[in-house]
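So the structure is just underneath, and the comments pick up after that.
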């Protein structure tokens, strides 16, 4: 029997190694990694990083709260033990023992506060359409009640009135939004506000009075029992406070339909979902069995299943994970530490963009193109030399200007296509299938159709493949602009190519640039930077509008470049964190509104 088990184990190991050797896992992983990296853009990071930070922080807060609940059960056992020991040792210092127990179990509270800080900073930046605010609000309400019930009896006495005042303050603010008018302002609005400096605003009203009473109760908690009150009473209540504030914030972003969907969904999840899942699994099993019984290869399938069974059993015993083991792992702080390390790395990565960005506050200059040409153009080169003009014109660095010019020509400087780069790494037969799956097929030229043929159909006979993925192309352009040919006194000026400037344009201007014709008068905006005072300076195109185009292919409205205001996002995040903690009394007002702003000139 032992020899049989050894042979089965050896055969299963050899079979697994042979099967894994047939699958080029390293190549597949490299292709997937290369595909992901090649398609990552700045817009992708702006969307994903705040969401990742928010969800990781929320999960970390949940884990820390569960560990706090576990510590509360340990506290009950500790109290029973100290009560029993006090009968045998009357001189034992119970207060000191309780302080030592609390001090030794502060780790989940500190991790919870750090996770809450990351969550608060990421919430105003994250895209709310990717956040299930109704479901998360319900979870936050559940943990608010649970964290209050898990408090010690001495802490509950102080926390009861604090939580009631916090809930009453939130309800009064909701009444202001529901009622509106003077009635809502009296019950939940600010009676009057006073600015304290440039950013802070002091409010006076019913929510303000309730919140001041909450702060007074928090100070009482901190001084209860001396210094012990800070980590024995106030710190456990902060968990309840943060969950309550988070639930209020998420409820403000929720809708009535979303809350009803959440209530029905949770009821189905706890009651009907297990029954429905078992019934669905039974129906699928019956259908699969009937389908196999109708085939003539049933015996072969059964034989293969019997032969593969030892391999499957060995794989299950080696790689399976018990749900109980997952729950036990959540009790340890290693998961939370790993989450906080990843969040810190993402925040540090984002902070480089915040630190290096110029912000949206730039100098909108009144400098004209003619004045720039006189100071930094051919006239200045003739009077002294080009180097002197470059040194003088470096003082204009950072000026945002809006000029009119003549469009001469545009050329493509770079084409990026991450999908095409990955397809080129695949085998030929797989690449052709993927190219037609994600791309488009070259159209066929119809001889009966009047008029000129479509350009793509003419390339069908010359193309190497049946399909293409050119719709994933990302273009970068260079636009050459000439000065208007109208001189200072209104006379026609000659075309001087040395006065031309070159504008770098991103893929956002693709539609309007492809529709422009030579000689069109356009209005463009740019920032003076780089080789100022030299021949054919290169600037980045910020905005573009054609003033003489009559073609319907050219957009009428002004085409602008979307830029990220990183410093504005950071200011909004810190202002939201301040309002999260002190809003009914103090609020922070920051200039700049949204995460993605248009360039204004």
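Does any residue of segment 509-517 turn out to be in a strand (DSSP E or B) and either crowded, with 19+ Cβ neighbours inside 10 Å or at pLDDT 85 or above (or both)?
No, the conditions are met nowhere in segment 509-517.
Give the residues of segment 418-432 that are more than 30 Å from the chain's Cα centre (by Cα) and surrounded by 14 or more Cβ atoms within 10 Å (Cβ to Cβ), sorted by residue number. Explain how you work it out, then say what you get.
At the first step, the residues of segment 418-432 found to be more than 30 Å from the chain's Cα centre (by Cα) are 424-432.
Within segment 418-432, 426, 431, 432 meet the criteria.
Kindly indicate the residue of segment 219-263 that is modelled with pLDDT of 80 or more and not in a helix (DSSP H, G or I) and also farthest from the chain's Cα centre (by Cα) among those meeting that condition.
Per the stated criteria, the residue is 255.
Identify all residues within segment 519-542 that are surrounded by fewer than 19 Cβ atoms within 10 Å (Cβ to Cβ) and in a strand (DSSP E or B); write none if there are none.
521, 523, 538, 540
Can you pull out the residues in segment 187-218 that are surrounded by fewer than 19 Cβ atoms within 10 Å (Cβ to Cβ), modelled with pLDDT under 85 and either in a loop (DSSP other than H, G, I, E, B) or out of contact with any strand residue (DSSP E or B) (no Cβ under 6 Å at 6 or more places or on another chain) (or both)?
Residues satisfying the conditions are 187, 197, 198, 199.
If residue 399 meets every condition in (1) surrounded by 12 or more Cβ atoms within 10 Å (Cβ to Cβ); (2) at pLDDT 55 or above; (3) within 29 Å of residue 51 (Cα to Cα) apart from one, which number is that one?
Just one mismatch for residue 399, condition (3).
When you scan segment 122-135, how many residues do you find that are in a helix (DSSP H, G or I) and either touching a strand residue (DSSP E or B) at 6+ places or on another chain (Cβ under 9 Å) or modelled with pLDDT under 90 (or both)? Give the steps one after another, and end with the answer.
Within segment 122-135, the first condition is being in a helix (DSSP H, G or I), and the residues that meet it are 122, 128-130, 133-135.
When the remaining residues are screened for being either touching a strand residue (DSSP E or B) at 6+ places or on another chain (Cβ under 9 Å) or modelled with pLDDT under 90 (or both), the result is 128-130, 133-135.
Final tally of qualifying residues: 6.
Residues in segment 388-418 that are in contact (Cβ under 8 Å) with a residue 24 or more places away in the chain, within 27 Å of residue 364 (Cα to Cα) and part of a helix (DSSP H, G or I): how many?
Adding up the residues that qualify gives 7.
Anything in segment 149-169 that is under 30 Å from residue 73 (Cβ atoms) and within 31 Å of the chain's Cα centre (by Cα)? List them, or say none.
Within segment 149-169, 166, 167 qualify.
The values are calculated or read from the model by the stated rules, or taken from the named source; none is laboratory data. This one's a predicted model, so the numbers in the text were calculated from it and none came from an experiment. Methodologically, a virtual Cβ is constructed for each residue, glycine included, from the backbone with ideal geometry; neighbour enumeration extends over all protein chains shown.
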